[in-house]
Each structure stands twice: as C-alpha cells, then as structure tokens.
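Notes follow the structure.
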Amino acid sequence: MRFVLGFLAFVGLALSLHGCGGGGGGGVQTSLVFEAAWVGAAGGVNGRSMRVSLLDSAGNLVGATALLNENPDGSSQAIAATPGSYRVLAELYSQLDLGGTKVGQIETLVELSGATRLRAAVGTPLASLRVTPSSAEVEAQFSRQFYAAGFDAAGRMAFTEPGSVAWTVLGTGATVGDDGRCIGEIPGTYTIRATHASSATQGAATLTVKPFVTKRTKWTVMVFLNAANDLYRFSTLNVNQMESVAQNPDVRFVLQWKQSTSRYPGSTFDGTRRYLVKPDTTSAIASQMMQDMGAVDMGRPETMQAFIRWCKTYFPADRYALVVWNHGNGWRRSAELGRAVSYDDETGNAIQIWELQQAMGGEKVDIFAWDASLMQMVEVATEVADQARYVVGSEESPPGEGYPYDRVFSVFRDNPDAATATLTKAFVDGMLAVPEYASRKITQSVVDTSRLQPLLVALDELAGTMIAHREALATDIPVVRGQTQAYSQTFARYFRDIGDLCDNLVGMTSVPEVQAAAATVRARLGEAILWEGHNAFSPRSNGLSIDFSPASTFESDAANYALMRFAQQTRWDEWLRQAP
C-alpha cells in the first residue's frame with residue numbers, strides 16, 4: 001500500500017494509482033480522495049485542520065493519515081488502497097496542524113473500487129444524518145458496528161461534535177452502545193437509529209439477526225484475557241498458541257480479550273472483544289471475532305461473571321476450563337495500587353480475591369487455571385473451592401509469556417475423553433517443558449478441591465497451637481520465616497510454601513505440639529496436591545503457599561484478609577495478628 005502525500009488539486013489529479021512491486025506484478029490499487037471545503041458558516045462545526053484516516057475491517061490504519069489545513073480554496077488528499085470496504089474517520093481540530101482541541105468528526109463506511117471521492121464541508125449546518133451500513137445481517141450473539149455521518153443541504157459530509165450522536169434500537173432483540181456497536185440477541189429485524197443531540201436530526205439502518213447455531217462439545221475453554229496492561233504484548237502470542245491446537249471441534253476456546261491502545265500504543269486493537277478461536281498456524285489472528293464490545297471494565301467481578309455465563313449459554317460443553325489471564329498478586333491488594341488480579345490499567349480496577357465468588361456467579365467449572373502470578377495460595381483456592389473441581393496455578397511469578405497453550409492444550413485436543421484429573425497434569429508438564437523457561441522461576445501445581453477441607457482443618461489446628469505457644473515460639477518463628485521457600489518477597493508480602501513451612505516448623509522449633517500439628521498439615525497438603533512441578537530456582541516448592549507475615553506487617557491488611565473464606569473457616573488470621 002502507498003500513501004500519496006501533499007495537497008492535490010483535483011484538476012489533473014491522476015486517480016489511477018499503481019500498486020507496489022516491480023516487473024508488472026502487484027495488486028490493483030484504488031484511491032480515496034478526501035476533499036474539504038472551508039465554509040465557516042454559522043450553525044456548523046468550525047475548525048482549522050483535520051486528520052483523515054482510512055481503516056480496514058480490523059481497525060488497522062491503511063497507509064498514513066492525511067493532514068488538511070484550512071484553505072479558502074479548499075484542500076484535498078488522496079489515500080491509496082486495494083479495493084474493498086473501509087472505514088473513513090475525519091477528525092476536526094480547532095487550530096492548524098491538529099492543534100487545540102478536537103471539535104468534530106465524520107465517520108462512515110466506504111466501498112473502494114476505482115477512484116472514490118468524498119466531499120466534506122467545515123462549518124456547514126447539519127441537514128441530514130446517514131447511517132452506514134444501511135442494512136446488515138448477523139447471527140445472534142455477533143456484533144456489527146454502525147456509523148453515523150452528517151450531511152449538509154448541498155449533499156456534502158458535515159462534521160458533528162464528538163459524542164453528539166445517540167444510538168437506540170427499536171425492539172428488544174438487539175442492543176447498541178453509545179458508539180454504534182450493536183449486538184444481535186434474538187432473531188428478527190430491528191431498526192438501529194442514530195440521533196444528533198442538538199439538531200434532533202435522525203438516521204437509521206436495519207439489522208437482521210439470524211438464529212445462533214451451536215452444539216454441545218466435550219470441552220469449552222473460557223479464557224478471560226485481560227491484556228489492558230503491560231502484558232499486552234504476550235496476548236497475541238498466547239492466542240496464536242491456542243489457534244495452533246484448535247483443530248479438534250470438541251475442544252473449543254472462547255476468549256474475552258481486552259487491549260488498550262490509549263495506555264499501550266503497541267496494542268493490536270482497542271477495546272474488548274469476544275472471539276471463537278479457529279485453527280491456524282500463522283502469526284496472524286485468524287479467530288472469529290463474535291463481538292466488539294467497546295469499553296468494558298475487565299477489572300470488575302460482574303464482567304467476569306457475564307463472560308462465564310455467556311460462554312456456558314452459547315458454547316455448552318460436558319466440561320469447562322476457565323483461565324484467568326493477567327497479573328496476579330496472590331490474595332493481597334498490591335500496596336501501591338490496591339490490585340489483586342485482572343488489572344485493567346484503563347480503568348484502574350482489579351478483581352479482589354474476596355470478589356471471586358461474585359465473579360463466578362455460582363457457576364461451576366471443572367478446571368480453574370490462573371495464568372497470573374502468585375495465585376496458587378490456600379487463601380485463593382479456598383475462595384473458589386465450591387465452584388472449581390481443580391485449581392491450577394503457580395506459587396511463583398511465572399514468565400510474562402505465561403502458559404504455553406500449545407503444549408498444554410495439545411493434550412486436551414488429542415485426548416478429550418481423558419479424566420479431568422489426568423488432563424490437568426498437562427499444565428504442570430507444559431510449563432516445565434518450555435526450553436526458554438529453564439532459567440526462570442517455574443512452579444506449577446494442581447489442587448484437588450475435594451481434598452482441601454481436611455487441609456483447612458489441619459491449618460486451623462496449627463494456627464491454634466502456635467497461638468497457644470506463642471511465647472515459646474517468639475525467637476523461632478522469625479528464623480522459620482526467613483528459611484522457608486518464599487515467593488516474590490517484598491516489604492509487605494510474606495508468601496511461603498506450606499510444605500516447606502511445615503518441615504521447618506518440625507525441624508526448627510522445640511514445641512512437640514507445634515511439631516505434631518505441622519506434620520499433620522504436611523500430610524493433608526500431600527493429599528490435596530494432585531500434581532506438582534518446579535525447577536531448581538524454587539527448589540523447596542510443594543504446590544501451595546500461604547501468608548506467613550509478621551503481625552507488624554499483617555495488621556494493615558487484616559480487615560481485607562477477614563473478608564476471605566479461609567479467614568472465616570480457620571484461625572490463621574488470628575495467628576497472623578500476633579505472629580512474631
């Protein structure tokens with residue numbers, strides 16, 4: 001693709017532009033010529049410069065943007081592109097060279113086939129509003145983007161103020177957002193209406209919603225993929241890995257994937273989308289985008305709940321796996337930002353561990369996998385134990401690349417009828433098999449939640465025993481804490497491996513009652529951990545960690561800790577309130 005720069009007079013403009021490449025090769029190219037008349041009349045939206053962008057169906061910029069400055073004789077620029085459907089976005093600014101503030105915009109769809117010219121006027125009153133496309137057809141649960149563009153009495157495109165167009169649907173079988181994104185829900189034909197606020201000018205289009213066709217499969221893997229943070233660059237890698245193992249129609253992946261170009265300009269798209277993963281072995285994203293949801297807060301529990309219920313409704317399966325993809329901070333809020341898991345940097349929100357039951361909404365899954373840091377804690381596992389048969393995750397902070405989805409889910413693809421307990425081992429084996437991870441801290445384990453309750457009983461007894469013998473343990477506990485396998489130690493984070501902690505309580509204290517209680521915890525831990533693996537960088541890992549803070553650190557977070565089921569079912573928080 002090539003972009004023709006500079007101000008061009010329409011007289012004598014060659015509208016047939018040649019494609020790239022030499023020797024007679026290359027595809028046929030067409031051009032969009034955008035002409036601006038600077039009218040400056042009363043009642044219109046006035047400005048002194050504009051930027052014109054041509055975008056493809058995926059929202060990618062075609063060529064470079066055109067810059068047009070105020071010119072009493074009019075001004076124009078041409079953009080070259082291959083034939084096809086494109087979105088034209090013209091943004092009007094109050095000062096020359098895109099200075100000042102954005103005061104107006106034009107957004108419409110255009111079909112390029114040969115030379116195409118769009119005529120726009122700056123500062124001309126709005127006479128009509130046209131919606132593109134004028135009609136569309138989607139399957140239920142798929143989205144369609146509509147655009148509204150103003151026109152003046154002479155038929156030229158006219159600018160409208162940003163955010164001045166409101167969208168409504170006539171009927172209850174579809175929904176439309178404030179930016180024209182429409183989702184079909186119930187089969188039927190609906191009117192999508194756009195209304196310009198100040199002039200009450202209206203335009204409309206029709207949306208026909210066809211029935212959604214699906215089938216029950218053996219597995220639905222639901223991936224809550226929140227890449228609206230600095231991990232965004234790894235999200236495309238992971239989706240490509242999923243595509244590479246999506247050949248078995250009985251094991252399907254459904255994603256809710258968010259990125260934020262406003263926070264991270266290197267992101268590949270902006271907003272939140274729902275995808276059905278399709279098989280592909282290229283570096284491109286070949287999956288089917290079902291919904292472009294626009295601005296959705298992935299740091300809220302109700303967002304995760306809606307995704308799970310949507311997946312189960314439209315992609316029913318015999319068994320379900322839920323993967324939460326993001327940063328993690330164990331049970332705790334981070335000291336500086338108040339975050340726990342699923343950080344949405346666009347909104348500043350995150351899901352707290354005590355909000356996980358709300359996030360699950362009573363829905364049950366066979367596998368709950370954390371593709372996030374520090375989440376394999378007894379406090380976290382307890383929170384989802386009633387909703388998840390197996391909980392998978394890392395005690396450590398794993399590499400940013402996260403799960404090797406191709407290695408893990410190739411086992412599901414090839415053996416979809418295998419027992420769930422057997423399939424979960426693929427998470428452990430997959431993490432340990434990545435050559436690039438050999439020099440990184442790798443831990444991975446699977447908790448059998450049906451065996452978690454005896455571990456909680458044993459931890460409760462250990463907490464009560466340590467409280468009863470606190471004075472005798474006063475000098476031993478700091479030594480034990482310092483010698484126990486730690487994970488991402490900070491001034492406020494004292495996460496310790498439960499197995500190693502118990503081994504040290506047995507070997508480094510002299511209170512028989514504490515030693516016996518610790519030995520019982522050690523035994524119950526071994527029963528609750530179904531699979532565990534680690535490398536030499538976390539040598540004393542046993543699959544599940546716990547907060548072992550001193551009281552001086554814990555006190556500031558005691559109120560939050562008390563919100564969790566683990567604190568309500570054990571005396572561990574009472575121990576931490578007085579731990580030496």
- [ ] At 18 Å minimum axial length over the Cα atoms and a Kyte-Doolittle cut of 0.5, report the qualifying DSSP H helices in the chain, or say none.
- [x] 420-433, 452-468
- [ ] Give the calculated FRET efficiency between ILE467 and GLU137 to the nearest 0.05, with a Förster radius of 60 Å applied to their Cβ-Cβ distance.
- [x] 0.35
TODO: In nm, give the distance between the simple-model label positions of THR553 and SER450, each being 7 Å from the Cα along the Cα-to-Cβ direction.
DONE: 3.7
Open item on the list: With bins 5 Å wide starting at 0, give me the P(r) of the range 453-576 over every alpha carbon pair, in whole percents.
Closed with: 2, 11, 20, 26, 22, 13, 4, 0
TODO: Counting other beta carbons within 10 Å of each Cβ, put ASP292, ASP297 in order, fewest first.
DONE: ASP297, ASP292
Open item on the list: I'd like to compare 233-244, 252-263: which one has the highest average count of other Cβ atoms within 10 Å, and what's the full order after that?
Closed with: 252-263, 233-244
Task: Potential extension, ALA41-ALA536 segment - 0.36 nm per residue separation minus Cα distance - done: 170.8 nm
Open item on the list: Order these by the 10 Å Cβ neighbour count, fewest first: LEU126, LEU563.
Closed with: LEU563, LEU126
- [ ] Note down the net charge around LEU89, summing +1 for each Lys or Arg and -1 for each Asp or Glu among other residues with Cβ under 9 Å from its Cβ.
- [x] 0
TODO: Subtracting the Cα-Cα distance from 0.36 nm times the residue separation, let me have the gained length for ASP318 to SER262 in nm, one decimal.
DONE: 16.2 nm
- [ ] Please work out the FRET efficiency for the pair ASP73 and GLN95, using the Cβ-Cβ distance as r and a Förster radius of 25 Å; give the result to the nearest 0.05.
- [x] 0.80
- [ ] Between beta-carbons, use under 12 Å as the cut-off and find the net charge around PHE224, counting Lys and Arg +1, Asp and Glu -1.
- [x] +1
- [ ] Can you tell me which of 96-105, 424-433, 496-505 comes out highest on packing, and rank the rest after it, using the mean Cβ neighbours within 10 Å?
- [x] 496-505, 424-433, 96-105
Open item on the list: Per 0.36 nm of contour for each residue apart, how much would the distance between ALA418 and ALA516 grow if the chain were fully extended, relative to their Cα-Cα spacing?
Closed with: 31.4 nm
Task: Lys pairs under 26 Å by Cα in the chain, provided they are eight or more residues apart or on distinct chains - done: 21
Open item on the list: From the helices alone, meaning DSSP H stretches of at least four residues, give me the mean residue ellipticity at 222 nm for the chain, per-run term -39500 (n - 2.57), in deg cm²/dmol to the nearest 500.
Closed with: -7000 deg cm²/dmol
Task: Largest-first principal axis extents, alpha carbons of the range 450-498, Å - done: 33, 28, 17
- [ ] Taking the Cβ of PRO539 as the centre, find all other residues whose Cβ is under 15 Å away and add up their charges (Lys, Arg: +1; Asp, Glu: -1).
- [x] -2
Task: For peptides 456-465, 386-395, 51-60, sequence by mean Cβ density within 10 Å, most packed first - done: 386-395, 456-465, 51-60
TODO: Quick one: P(r) of the chain from all Cα-Cα pairs, 20 Å bins, percents rounded to integers, in order of increasing distance.
DONE: 19, 42, 27, 11, 1
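The numbers here are math on the coordinates, done by the rules we state, and not lab data. Being a predicted model, the structure only gives us computed values, none of them experimental. Positions of Cβ are backbone-derived with ideal geometry, glycine not excepted, and every protein chain shown enters the neighbour counts.
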